[in-house]
Amino acid sequence: MKAIDVIVSGRVQAVGFRAFTRRNAVMLGVRGYVENLEDGRVHAVFEGYDHQVDKLLEIVRHGPRVSEVREVRVNPADAAGYRGFEIR
């Protein structure tokens, strides 16, 4: 199992980024959450099997068509045992 903390910068708010992330997380079986930050970035925590988390991270690096991802920062995280994936 793998858990990561992700911060995404760029044009990632008001473009459906959180819904896009949740939809893909659910499809891949990744647990955790995604939320907007006050400074315009998006924060997420992904938990799951290595290949699931890696695939979601790859998808998030591109974002939805109308977004513009400029930077993705990834740090290891402790697994918290999330049961699903939510938008906060």
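Read-outs throughout are calculated quantities, based only on the coordinates presented, and are distinct from any laboratory measurement. Fair warning: this is a prediction, and the values are worked out from it, not measured in the lab. We place every Cβ from the backbone using ideal geometry, glycine too, and count neighbours over all the protein chains shown.
Largest mean-square fluctuation among N24, N36, N75, in a Gaussian network model of the chain whose springs join Cα atoms under 10 Å apart, belongs to N75.
Against the chain, whose longest principal axis comes from its Cα atoms, helix 17-28 is set at around 30 degrees. The long axis of helix 50-62 is offset from the longest Cα principal axis of the chain by roughly 0 degrees. Across the chain, Cα-Cα distances exceeding 20 Å account for 22% of all pairs.
Along segment 70-77 the Karplus relation, 6.51 cos²θ - 1.76 cosθ + 1.60 evaluated at θ = phi - 60°, assigns HN-Hα couplings of 9, 8, 10, 9, 10, 10, x, 9 Hz to successive residues, with x for each Gly and Pro. Candidates I7, G29, A80 compared by Cα position along the dipole of segment 2-80: farthest toward the positive end lies G29, with charges placed on Cβ.
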